[in-house]
Amino acid sequence: MKRGSLSKRPLLFLLGLALVCLSILLVPGSGSPPEGVDVVQAAQQQLPVVSFTRTSDSVSEPPNDQTTTELEISVKINEAPVGDDVKVTYATANGSGTAGVDYVSTTDELTFSVGSDDPQTFNVTILGNNLDEPNRTFIVFLTNPVNATAGIPGSITLTTTDNDEPHPTNTPTATPGGAV
């Protein structure tokens with residue numbers, strides 16, 4: 001046996017294998033299953049999408065520091081869940097408004113039951129005060145969707161419109177001939 005002929009066999013085998021693979025790819029129908037055999041392809045399941053019904057909202061500040069106002073926020077789902085409930089967490093975050101001063105910080109979970117595409121709602125409490133100040137904003141985010149994905153808008157910006165009058169300031173007046 002010649003030494004060189006032995007090393008050509010693996011090379012010829014690989015070349016033949018490559019030609020067979022190439023013919024399968026290039027010949028129409030050659031990659032098809034045998035006649036009478038049905039192929040079932042798995043359908044890619046799209047997850048429901050949860051999002052806020054709007055990107056922003058505003059509310060007038062309650063009249064004084066002894067009152068509050070509830071602002072209702074709505075979250076929608078694009079299709080009813082199948083198989084398992086859909087859950088999503090919402091949470092508030094400061095903007096120019098401050099939790100505990102302008103609004104009550106909140107976080108909780110909403111559930112969309114199997115078969116229902118009804119929007120879910122929750123309330124955010126707005127705190128009143130007697131200060132003349134610019135309008136304030138804060139944000140509510142959707143996080144941690146379960147059996148769903150978070151869509152757009154995934155956050156809502158809330159604005160508290162100030163309703164307080166500027167407080168008069170005492171401005172000293174000069175008295176003619178008075179001591180300075």
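The smallest convex shape that holds all Cα atoms of segment 64-122, its convex hull, gives 89 Å³ per residue.
Rg over Rh for segment 112-164 works out to 1.12, both radii taken from alpha-carbon positions and Rh defined as the Kirkwood radius. For residue 130 and residue 82, the difference between the fully extended length at 0.36 nm per residue and the C-alpha to C-alpha distance is 12.3 nm. When you count the other C-beta atoms within 10 angstrom of each residue and take the mean per peptide, 53-65, 148-160 line up highest first as 148-160, 53-65.
Values in this text are rule-based calculations from the coordinates and carry no lab data. Since this is a predicted model, take the numbers as computed values, not measurements. Cβ sites come from the backbone with ideal geometry, for glycine too, and all protein chains shown count toward neighbours.
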